[in-house]
Structure formats: C-alpha cells, structure tokens
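Everything below concerns the one structure shown next.
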Amino acid sequence: MNMTDQVMEELRTNLEAYVHQTDPEQLVTREWRDRDHYKKEQRNIGIHALLYRGEMSSDNPYASTIKVLIYGLTRVHQKNGDGLQLEQQELAMIQQLKGFTQSDAGALVRINNIVTSLQVECPEGWYMAECEYGPLDLSINENRWDDGREFTGNMYASREPEIGAAHKDDYTHLLENDHD
C-alpha cells in the first residue's frame, strides 16, 4: 500500500469512527458505486464515500495536500416522503461531515464547496463536498541507507578541504562503538 493510499484509508477510518458515534449503521467507503448497487435500506440510513481526486502542487513533499470528493447517498424511506424530508436528510449528513472536520480526527480536512440533489430525484438524494486534506507528509523517499540493522561502528566527520584518506587524522570522532 502506498503512502497516499494509507492516508486515504486513515481518513476513511476516522470519518467512519466519527459517523458511527451517532449512526453506527451508516456505511463509509472509498468506492464509488451507483446508488442501485446499495439496498434501499442502506440508502435510508445513509452512505458516505471518499474519493481521491489528486493532489495540489507543492514545493514541499512533506506538506502535500490531497483533493478529496466526499459524497453521500440517502433516501427518504417513507412511502410518501417529500422533498423537504429528503433535503433534511442530506443536511443531516452534511452536518456529520462538518462535525468531523471540526473534530481532532478531521481537523486537516477543509470543505471548499458542497452541492446537493436539490430534491430533483426524490425519494433519492445525495450531496457532494469538494475537500482538501492536508498538509500531509506524502514523501516516498525511504532512507535507502537504513537496512534495519543497528549501527555498531564508529562515525567520523570533517569539512572541506580536509577530507579524504590523506586527512584521516583531521576528522572529528562523532560516535564511538559501544560494543568494544
């Protein structure tokens, strides 16, 4: 799993934990699915999905920002549900998302824009929130000199021009071997 995937999964897990405090049955996923993929009972409860949209450019690989689209599906589960009920359910899900962004676990998420279904597809409804998540350390450079073994030698350093084998006696001893 790469670093961005790990960060997105952590975001999903944190949103899920937050949402489950009030609605333990709600689904939080990272997969886009057509609404017909979900049972009506699931849509009645609500579904949040987090989708990776890319990254914002940055000169600092240790302070990257991910663009995330968070969308929710909901459904008025009463036979004669009206548009106002649907809008209220959408707003309740949006309120969950806003609450998450104001919590410790979601503090790095900023909502830039939210749109809703406008009750057009009643009894089915949805919201979409364009978000930024960061700054995050998404650097992929591992320490290629670290092979996992404990360092057991001596360490010396010097500065130019007193470097190289001819200046071995000019080096400063930084770390002594503790295992002698």
Of the criteria (1) surrounded by fewer than 17 Cβ atoms within 10 Å (Cβ to Cβ); (2) at pLDDT 90 or above, which one VAL28 fails: (1)
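Out of the residues in segment 83-114 that are in contact with a Gly (Cβ under 7 Å, 6 or more places away or on another chain) and under 15 Å from GLU16 (Cβ atoms), state the one that is surrounded by the most Cβ atoms within 10 Å (Cβ to Cβ). Full working, then the answer.
Looking only at segment 83-114, we keep the residues that are in contact with a Gly (Cβ under 7 Å, 6 or more places away or on another chain), and these are 86, 89-90, 93, 100, 108.
Still in the running and under 15 Å from GLU16 (Cβ atoms): 93, 100.
Numbers: MET93: 25, PHE100: 23.
Filtering segment 83-114 for residues that are in contact with a Gly (Cβ under 7 Å, 6 or more places away or on another chain) and under 15 Å from GLU16 (Cβ atoms), the one surrounded by the most Cβ atoms within 10 Å (Cβ to Cβ) comes out as MET93.
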Qualifying residue in segment 161-175 (condition: at pLDDT below 75 and surrounded by 10 or more Cβ atoms within 10 Å (Cβ to Cβ)): yes
Neighbours by Cβ (under 7 Å, 6+ apart or cross-chain): first from segment 112-128, under 17 Å from GLN96 (Cα atoms); second in a loop (DSSP other than H, G, I, E, B): GLY125/SER117; TRP126/SER117
Tally up the residues in segment 1-52 that are touching a residue at least 12 places away in the same chain (Cβ under 8 Å) and in a loop (DSSP other than H, G, I, E, B), please. 11
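Out of all the residues in segment 115-127, which are of a type outside the set (Phe, Trp, Tyr) and either crowded, with 16+ Cβ neighbours inside 10 Å or modelled with pLDDT under 95 (or both)? If you could, list the steps in order and put the result at the bottom.
Of segment 115-127, the ones of a type outside the set (Phe, Trp, Tyr) are 115-125.
Once the filter is applied, which keeps residues that are of a type outside the set (Phe, Trp, Tyr) and either crowded, with 16+ Cβ neighbours inside 10 Å or modelled with pLDDT under 95 (or both), segment 115-127 yields THR116, SER117, GLN119, VAL120, GLU121, CYS122, PRO123, GLU124, GLY125.
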For segment 59-82, enumerate the residues that are surrounded by 14 or more Cβ atoms within 10 Å (Cβ to Cβ) and closer than 14 Å to THR4 by Cβ. SER64, THR65, ILE66, LYS67, VAL68
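The values are calculated or read from the model by the stated rules, or taken from the named source; none is laboratory data. Predicted model only: the values in this text are computed from it and were never measured. Note: ideal-geometry Cβ built from the backbone for every residue, glycine included; neighbour counts use all protein chains shown.
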